[in-house]
Structures are given as structure tokens and as C-alpha cells.
Amino acid sequence: MVDLFGSGRARRRVVVHGVVQGVGFRPYVYALARSLDLAGSVWNDGDGVVVEVEGAPAAVDAFGRRIEAEAPPLAVVSAVSQVDVPVEGGTSFVIRPSEHATGRTFVSPDVSICDDCLADLRDPGNRRHRHPFVTCTNCGPRYTITTGLPVDRAQTTMAAFALCADCAREYADPADRRFHAQTICCPACGPRLRLVGPAREPTSGEEALTEARSLLGHGAVVAVKGLGGYHLACDATTASAVETLRKRKQRGDKPFALMVADLAAAERLVRLDDAERQLLASRHRPIVLARRRPGAVADAVAPGSDDLGVMLAYTPLHHLLLGLPEDDHRLPVLVMTSGNLTGEPIVTDDADARTRLAGLADAFLYGDRPIHVPCDDTVTRTVDGRESPVRRSRGHAPLPLNLPFESPPALGVGGDLKNTFCVAEGRLAWMSAHVGDMDDLATLAAFTAAEAHLEMLTGVAPAALAADRHPGYRSRRWALDHAAGRPVEDVQHHHAHVASTMVEHGLPSDARVLGVAFDGTGYGDDGAVWGGEFLVAGYGDFVRAAHLSNVPLPGGDAAVRNPCRMALSHLRAAGLGWDPALPCVRACTDEELGLLDRQLTTGLRCVPTSSMGRLFDAVSSLAGICHRVGYDAQAAMELEAAARRAGEVPGYRFAVAGEQVDAAPVLAEAAADVFAGAGPGVVAARFRTGVVDLLAAVLERLRDETGLGVVTLSGGVFLNAYLTSACARSLTARGFEVLRHHTVPASDAGLALGQVAVLAHRASARPARRGREQPCA
């Protein structure tokens, strides 16, 4: 290192980019500099963390090597730049106030309570013993409380809580792990816990906690405020409590998530492998879907499902609610489901909760720390030992994803179901937290607020928007209404599915793949409802190379809600009669059968569909498994469970002729099995094997025609773990490279990432058009 002034000293300016604000990075830098006897300063600015260190050249070099390698546990360093600058002298190292410069920094996701804070919570001698909001630089809320940048306490919802003398001393003490922790708090300075409810006097603190635990133990439903919104909680071992919550929430048979204190408690509910244990115990603390153990919880928690969704307690309040070892009464497992009515966004505001959840909860347990932006729980599972996300939200948002190409400033608004959106610029993309289904005005309002917040956090000012091509999608309507003169690109639904998989696996801009996109609904270029698609695709274009043959979708959403109607449509398309011996026929009333007959004969309100998701529904009903659904994909999930129990059997055969894949032979064989007395599991398993065989046959032909050997699997059907695993094994054995989702969901929750990828490549090929463009295939 050059000594610029012959002083025997050197000075270096270091800028650290990434998730480095609000995660204890400045205190870490302070301690590192002091340990090396370096002078200088550190501060936050719009680009990240800026450091200047001065001292012995060897010590300055050591600082430059160690700053990234030894970073705090919550930091995610994306880049470090270093440059030598003139020495200035001095002997002290200080943390300077933040500078509000323009630039880009990254905000940490909310993180589960760390072991040190959990120890404080449990230690009677610690001044934070049983404090429901204990946190430090290594854990606690980040994303959901950040109101501005740089991330200082004044730019979070903790700004309203003045530090007491003890917290102020810890905040200023370099030897304390809460040194410059923006979320620092204690019982003396808040936040504070309260319990309120109809016909009961409000209580606070330990009394509120004790009463809430007692209510839960006696079968009540309690609304509990978490990091990113309210949950509705009840005792998962009390059938009447679970059934009450299900009825109040209008949940149908959709499974509830469960919360336990630790891995040992989780093992009593579900069978876990090593990968599932690692996911459960990760700092993200997701809901993990795993095989249930019989009798561990009330049947009403997850009727008809072989799996349970389990998460570990991730806030100090959760641990206190379940009970610490010294508590007389502990709750081994709680239902912990999103605080909302089905179809609405999760509730975050305290006053709003007491209005919107008034008919659902018997009491409300909450702290007075505001939630600035909602963030629902992440849901995931493992397939073949690797993560396969179902919903990517808390613990992940708003971490950026790397793009394998340059993107203009862009916004992808996603789809209408399981909505997430995505902003992108340069080589980075940021997926939002889970927003929900866009058929509710409250969800649209939540989308608008969350989109503005993510733009603020990332510094991305989208110059163009991408939306699904479906003319009736509310997400597309939102894009058009908020374009403000910016171009809006229409992106075909299944092309976006394929592109999202390509991005996740880092495929370059010139890559082309054989893309399989199987789902329930996606607007096709011919106006039909697509969903059983084989595409030859790149980022900028695609060709529809093969697909399921169309059958009528009688009544649109009515057929989606009633798989028995979809079964009758498929039977009619296959030239098969509606024999009363078939379960799907027996499930319909005479009036319903007459209505369907008229619809299918006349074509009235019958949109053609090539959807693989609707074929799953049809087979589920034909096999006698599920005729009416109370939640999305219920029929397919119950079909999967039945197939899993049946094991390996020969598959049904699809008829493939050119681009057309005809399911009529499948329906005929399945009906014959039903007539012969085969159980539902056999029909389900033979259908699953038939789909696996179909992929192999079609993709081998397309490989011969195109020379392509890379296959992507995307769309909601590939949330089916056993189908996805079987397809991947079959295709790999035939020499294909199979790419599936491990970072973003295969469902519509991953669409927005594919939309910005398609937009980026169209923008690089030609100027973007305003409004809807012509079909690209």
C-alpha cells in the first residue's frame, strides 16, 4: 500500500452494498476497526454502509479482507468497493449519523428471535425476562417496520418509543450486542402488550398474556398480532375450537397452519427428514408441509390431507403464548392462521383488526408497535431433499434475486391468484411479499401500498410495466390504471411461468428451453383457457408446440368450484355416457345434470380449456375423491394424497397426435377402473403415472425436432410434490436437464418474475408498445 504522505499510515474508503442496514453492520465495523487499532468513521447512506479507516497499512489491509468474511449473521453483502484516500490523522473511530444520499441499499427481511434473545426471555435475572418484544441486532422485525431509508430508528415504526436510560446506554455501548440496534426496547420503554375483547376489561403485560393463554386453553379464538400482521389462534388439539374457527373464517376444508415451540414438538406432529428440519429451524421460520402423524391434532385442522403445515415460534410473544418451562399451563400446539376472512388481505392495523376480525376472534392480543407493511408467513416443502416453495413471503421479502441479464426499470404486476409483484432494474429483481387474491377491494388497496413501499425501498422507478394478457384480470386493470403514460406489456401467462424458471436457474438471454406449464387457468392467445402447455421458449418469445385438447369449461368459475361438472364435461368430450354408477354423476342433482347437458349441447357459457388443472379436478371427481371444493386446488391435493397411498401402478394412456394431446383414453380407462371396483387411490395413481409418461413422450419428440434438452417445469400443478418428483426422475433418466422451482413458487406466485424477464427481452429487441401487443405465437 502506498503511504501518500510519508506518515507511515494509510487511509481507505470502503463502501459495502447489500443487506447491510438495520442488521448491526455499523456496530460490527466499529468493533472490527477498534480491534485493529484503526481510526476513522462509518455511516449509512443511500448506497449502503460507507467506512473510512486509517492506521498501519497492514491493519488497513486486514480490515479490507475481513469486512465481508466476518459480516454479521443477518447481513447479505452483494459487493464491496475499496479505494485508498489521503490520510487525515486522528486516533478515534466513530459511528456518524446517516447521510440521506441517493443510491440503493437493501433492507433485511423480518427474522425470527435469536438464541441470545430467547435466553434473555427465559432468564429471571435478565431485565428483559418475559418481555414480548425482546430483540437485538441479530433478530426481530426489519422489513415490516421500515418507513424510509437509510434504516435508522427514526425511519422505522420504533420511532415513537423513546429509549429509557438503560436501553440508551446499551445502544451506545460497543461491547453490547444491542449497540446501534434500531429495534432495541425493554419493558420500561415499550412496546407494550394488551388484551382486549368484547365484554371484558382490557388487561396489559403479564396479565394479558396469562389471560390469553387461559382463553386458548378453554377453546377460545384469539387474534394475535405478529410481525407482519394478525393471526387467528386456537388450541389445535380441541376439535370444537378448530371447527369454530373454520366456520367463522369461512375456510371450507382448507388446512390450517400450526405453530409449536421447537423441533421436538414439531416431531410429535409430523415426520421430518433432515431437509425439513433445517427449513423449520432456519431463521426464516417458514410453514413447512410434512407428513402428519395420526392423532396428534384435531382432524378438523387439515381434513382430507396427509400433510400438516407446521412452523416454529418466531417471535418472543409466540414463545410466551405457547408457554415457557416455568409456566403452570402450556399449550403444546396452536392453530396459527392468517388474520382475515377468506379472500381478504391479512390485517395489520389494530383498530382495523377489531373491526374486520370482530366476528372471528373472542379477544385481541397485540403490541402497540405499528406494522408498516403486511407480510404473511412463508409456506414451503421439500421435494427430493430440496426446497420447493409454495408461498415466498416473511423471511425472504424484500431480498433481491439475481438476474442473468440486464433489465430496464420495470414492474411486473403478477396474476390475480396468489398475487405477488416484482420490481427489477439492472441485474437485480425484488419480489414482493404475498399479497393475496386480487378479487377484493382491500387486496387491491394493499397491493397499491405495498408496491409504493417496495419502490421506495429499492429505489426502482419503473419505466415500463408488464401484466398478464387476461383481459379480465384485476392486476392487469391495475397496471393500465397506474401506468401514467408508461408502456404496459401484455405477457402470456404460461410464457411467464417458463421465463420465471429460466431466471431462477440463471439461464442466459439467448437460452431456449422446452417449457412445460401445467396449471388451472391462463389466458391463451386464441382466447381459450390454457393450462396444459408444452412450449418451445426463450425469454422474448415462445411457440406453443403441444397442448391438451380443448374441452368445454361449463359455467367458468362454477366448473372450477365443482369438479364433478368438469368430470362430466370431460366424459362428454370423450364420447362417454353419464352412467349413474360413476361417482361424479351421483354427485350431481337431476337439475344440475339437466343444466350441464344444455350447456354442453348448446355451448352456452362454455369457454374451451386445455387446462391440466381442470383435468386433475375431473379425475378426482370421477374417482370419487372430491366433487366440490372449498379452496383452490383442493381436488388436486386430495387426488395427490390418494395416489401417494396407492403406490406405483401402470399409467393411463393419453393419445398424442401432432400438437394435440387427447385425454379421452384416460377418461375411458379411469371409468372402466371405477366400474371394475378399483379404489380411488388406484385411479389417482394410474392417472399420475400417465401424466409422467405423457411428459416423457411429448418431450422426447420435441427434443428430436428442436435439438433442445433443457426442460422447465412450472405452473400450479407442479406444486404436487410426488408428480414433480416422478416427472423429474423420468426425464432425467432419459437424458434431459430438468429445471424446477427452488426459490420462487411454481404457481402464479412466481409469475411476476417471469413477466419482468419477458419485458426486459422485448425491450432490448424493440421499443415497447403502449397497451396490449399482438400475440407472440
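Per residue, how large is the accessible surface of the stretch 241-295? Use a 1.4 angstrom probe and give square angstrom. Kindly include the intermediate steps, with their values, before the conclusion.
Numbers: 2580 Å² over 55 residues.
Result: 47 Å² per residue.
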> With each pseudo-label sitting 7 Å past Cα toward Cβ, what's the L441-E326 distance in nm, one decimal?
Replying inline: 5.0
> How large is ³J(HN,Hα) for each residue in the stretch 629-639, as worked out from phi by the Karplus curve 6.51 cos²θ - 1.76 cosθ + 1.60 (θ = phi - 60°), to whole Hz, x for Gly and Pro?
Replying inline: 10, x, 7, 4, 6, 4, 4, 5, 5, 6, 5
> Check L258: other-chain or 5+ apart residues with amide H under 5 Å from its amide H, H built from backbone geometry?
Replying inline: G309, V310, M311, M336
> So what are the radius of gyration and Dmax for the Cα set of the stretch 7-141, in Å?
Replying inline: 16.7, 54
> Using 1/(1 + (r/R0)^6) with R0 = 56 angstrom and r between the beta carbons of S35 and A511, what's the FRET efficiency to the nearest 0.05?
Replying inline: 0.75
> Let a ≥ b ≥ c be the square roots of the eigenvalues of the Cα gyration tensor of the stretch 404-560; is it rounded (a/c under 1.5), or, if not, prolate (a/b larger than b/c) or oblate?
Replying inline: oblate
>> How large are Rg and Dmax for the stretch 328-381 when calculated on the C-alpha trace, in angstrom?
In response: 13.0, 38
> Short version: ³J(HN,Hα) in whole Hz for each residue of the stretch 505-512, in order, from phi by Karplus 6.51 cos²θ - 1.76 cosθ + 1.60 (θ = phi - 60°), x for Gly and Pro, what are they?
Replying inline: 9, x, 5, x, 4, 8, 5, 9
>> Skipping prolines and chain starts, which residues have an amide H placed within reach, meaning under 5 Å, of the one on A181, given they are 5 or more residues away or on another chain?
In response: none
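Size of the dipole of the chain about the Cα centre, Lys and Arg at +1 and Asp and Glu at -1 on the beta carbon, nothing else charged, in debye to 20? Provide the component values of the computation, followed by the final result.
On the way: 79 positive and 91 negative charges, 44 e Å.
That gives the chain a dipole magnitude of about 220 debye.
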> Based on DSSP, what percent of beta bridges with both residues in the chain are antiparallel, to the nearest 5?
Replying inline: 75
> So who's got an amide H within less than 5 Å of the one on G515, skipping anything under 5 residues away but keeping other chains? H placed 1.01 Å off N, in plane.
Replying inline: L535, V536, A537, T712
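Could you calculate the contour length gain from R200 to D349, that is, 0.36 nm times the residue separation minus the distance between their Cα atoms, to one decimal place in nm? Mind dumping the intermediate values first?
On the way: separation 149, 0.36 × 149 = 53.64 nm, distance 2.08 nm.
Once the chain is fully extended between R200 and D349, it gains 51.6 nm.
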> Cα extents of the stretch 362-441 along the three principal axes, largest first, in whole Å?
Replying inline: 51, 35, 28
> Using heavy-atom solvent-accessible surface (probe 1.4 Å) with all chains present, what is the largest-first order of D510, D47, D110?
Replying inline: D510, D47, D110
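Rg to Rh for the stretch 103-219: what is it, with Cα atoms only and Rh by Kirkwood?
Values: Rg = 15.9 Å, Rh = 15.7 Å.
Rounded to two decimals, Rg/Rh equals 1.02.
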> Taking 0.36 nm per intervening residue step and subtracting the Cα-Cα distance, what contour gain separates Q250 from V85 on full extension?
Replying inline: 53.0 nm
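Quick one: accessible area per residue over the stretch 573-704, 1.4 Å probe, rounded to a whole number of Å²? Spell out each step's value before the answer.
Working: 5410 Å² over 132 residues.
Accessible area per residue: 41 Å².
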> Per the helix-only calculation at 222 nm, which mean residue ellipticity applies to the chain, given -39500 (n - 2.57) for every DSSP H run of n ≥ 4 and division by its residues, nearest 500 deg cm²/dmol?
Replying inline: -10000 deg cm²/dmol
> Tell me, in nm to one decimal, what length is gained between E99 and R628 on full extension, where the rule is 0.36 nm per residue of separation less the Cα-Cα distance?
Replying inline: 184.6 nm
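What value does the stretch 261-342 have for Rg/Rh, both radii from Cα atoms and Rh as Kirkwood defines it?
Working: Rg = 13.0 Å, Rh = 13.6 Å.
Over the Cα atoms of the stretch 261-342, Rg/Rh equals 0.95.
Which order, highest average first, do 231-244, 656-669 follow once you tally other Cβ atoms within 10 Å for each residue and take the mean per peptide?
Numbers: 231-244: 21.8, 656-669: 17.1.
Packing proxy ranking, top to bottom: 231-244, 656-669.
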> How far apart, in nm, are the 7 Å Cα→Cβ label points at E659 and A160?
Replying inline: 5.8
> Taking Cα centroids, how far is the stretch 119-178 from the stretch 528-592 in Å?
Replying inline: 55
> When you take every Cα atom in the chain, what is the radius of gyration, and what is Dmax, the widest Cα pair distance, in Å?
Replying inline: 27.8, 98
> So how far apart, in nm, are the two label points at R127 and R293 if each is 7 Å from Cα heading toward Cβ?
Replying inline: 4.2
> HN-Hα J couplings of the stretch 401-418 from phi, Karplus 6.51/-1.76/1.60, θ = phi - 60°, integer Hz, Gly and Pro as x?
Replying inline: 10, 7, 9, x, 7, 8, 10, x, x, 9, 10, x, 8, x, x, 9, 9, 6
>> Show log10 I(q)/I(0) for the stretch 663-740 at q = 0.15, 0.26 Å⁻¹, two decimals, from a solvent-free Debye sum over equal Cα scatterers.
In response: -0.60, -1.19
> Based on the Kirkwood radius over alpha-carbon pairs, what value in µm²/s does the Stokes-Einstein equation return for the translational diffusion coefficient of the stretch 156-296 at 4 °C and 1.567 mPa s?
Replying inline: 70
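The values are calculated or read from the model by the stated rules, or taken from the named source; none is laboratory data. None of the values given here were measured: they were computed from a predicted structure. Positions of Cβ are backbone-derived with ideal geometry, glycine not excepted, and every protein chain shown enters the neighbour counts. When the accessible area is computed, the model is the full protein with side chains, heavy atoms only, and any ligands, DNA or RNA have been set aside. Shrake-Rupley method; radii C 1.70, N 1.55, O 1.52, S 1.80 Å.
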